[in-house]
1. Could you tell me whether region 42-83 comes out rounded, prolate or oblate from its Cα gyration tensor? Rule is a ≥ b ≥ c as square roots of the eigenvalues, rounded for a/c under 1.5, then prolate if a/b exceeds b/c, otherwise oblate.
2. Could you give me the percent of Cα pairs per 5 Å distance bin for the chain, shortest bin first, beginning at zero and ending with the bin that holds the maximum distance?
3. Pop out the carbon and sulfur fraction of the accessible area of the chain as a percent, whole number, probe 1.4 Å.
4. Can you tell me the accessible area per residue over the chain, all protein chains present, probe 1.4 angstrom, in square angstrom?
Amino acid sequence: QIGDDGARHIATAFESGKCLLTNLDLSVNQINAAGVHHIITAIGRSQCLLTNLHLSSNRIGVDGTRHIATAIKSGKCLLTFLDLSGNRIGDDGAHHIATAIESGQCLLKELCLNCE
């Protein structure tokens, strides 16, 4: 389990401009909103090719969804698949994601809030 520090290190790799990953599975770690912020910020800043992001069974909470929603609304996020299952995002977190989807900048084709 990598946690927020591990997420920060991965974010650094995205910002290097040398990352060709299109799929990143960070499920079942101990990533909180801070770790999601590192990852999402790096995805938005770089020429990142990431289209699939799996964050199931972490601890991102409502604050994490706020970071994700901001990135989606920026128009720089290329994500087409996002898995937030098992993160206890609640109604407020769902609202943040829904607002981002409605922004017109969202490329998501699949959103999992309880994937199996």
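The values are calculated or read from the model by the stated rules, or taken from the named source; none is laboratory data. These numbers were taken from a predicted model, which means no experiment stands behind them. With ligands, DNA and RNA removed, areas are computed over all heavy atoms of the protein, side chains included. Shrake-Rupley method; radii C 1.70, N 1.55, O 1.52, S 1.80 Å.
1. Working: a/c = 2.13, a/b = 1.40, b/c = 1.53.
It is oblate, given that a/c is not under 1.5 and a/b is not larger than b/c.
2. Answer for the chain: a P(r) of 2, 14, 25, 28, 21, 9, 1, 0 percent.
3. Carbon with sulfur: 48 percent of the solvent-accessible area.
4. Counting only protein heavy atoms, the per-residue value for the chain is 54 Å².
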